[in-house]
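Everything below concerns the one structure shown next.
The values are calculated or read from the model by the stated rules, or taken from the named source; none is laboratory data. Because the structure is predicted, anything quoted here is derived from the model rather than measured. In this analysis, Cβ positions are derived from the backbone assuming ideal geometry, glycine residues included, and neighbour counts consider all displayed protein chains.
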Amino acid sequence: MARLSLKSRSSEGKKVPSRSQTMPEPTAMIRVSKLMSERGMCSRREADDYIAKGWVLVNGSRVEELGTRAPSNAKITLTQRGLGINKVTILINKPIGYVSGQAENDYKPAIKLVKPGNQFSDDKSKKTFIRQHLKGLAPAGRLDIDSTGLLVLTQDGRIAKKLIGQDSEVEKEYLVRVSGNMIENGMELLHHGLELDGKELKPAKVSWINEDQLRFVLREGKKRQIRRMCELVGLRVAGLKRVRIGQVKLSKLPVGQWRYLGDKELF
């Protein structure tokens, strides 16, 4: 007689799956601030600040308690107010030999200076550099390759418009070393009366600091404007440094270093 199989009908021709195959692994729960940092949204310190202010949404729900955890695959977004705050503006003390925008003639763009090792040690903003801060960062105004001083790079279109928009009235202050002999009515012409490229320049504030240095305050920024203005009145520019834009000053920021614009600083 043939022996009967003892296998149950349910197992015939089938491989019984193990528990690990039938039960899905639970999704890891991770601090929201850590997830935001890992995704390049901001630093963990900034994330905690955004959470405390109610600017963080996890899967569409507002999170306001520090230490809140969420699934590792959770969708994290910022409110409209948080999105505005999250855009950074960076101030650089540009050295001679760097261009303001795109690289040209083998000269490096100033954005190459924006790296952790060059951040000003006395940066009052306390922001932590992350690669996301370089995305969309663009110069709001130019500074000639042979000039030094304050250069603004921003992700915020509102700031760019305020500084370089067609109707911008923001003052820019420069210290300018000169040589040569100014023509008789030169100072009067520097204040108002000069033309560049066939267009009359806006009134400027110009004064002597000492026998070979002038202070210029302008409300426009034509290409090589100060150098060309000086040439028209018999002077040659030997050195030029921008020290202020609006209410923001270069102050003690060292050449070649950068810092973040503070949350309470306004141009």
In the stretch 110-150, the residues that are farther than 20 Å from V248 by Cα and not in a helix (DSSP H, G or I): K115, T128, F129, I130, K135, G136, I145, D146
Residue that is farthest from W258 (Cα to Cα), among those in the stretch 73-109 that are part of a loop (DSSP other than H, G, I, E, B) and modelled with pLDDT under 90: T79
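State whether the residues of the stretch 144-158 include one that is more than 30 Å from M41 (Cβ to Cβ), touching a Gly at 6+ places or on another chain (Cβ under 7 Å) and at pLDDT below 95.
Filtering the stretch 144-158 down to residues more than 30 Å from M41 (Cβ to Cβ) leaves 144-149.
Next, only the ones that are touching a Gly at 6+ places or on another chain (Cβ under 7 Å) stay: 145.
When the remaining residues are screened for being at pLDDT below 95, the result is 145.
Yes, the stretch 144-158 has at least one match.
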Looking only at the stretch 172-189, and only at residues there that are surrounded by 17 or more Cβ atoms within 10 Å (Cβ to Cβ) and within 26 Å of V152 (Cα to Cα), the one that is nearest to the chain's Cα centre (by Cα): K172
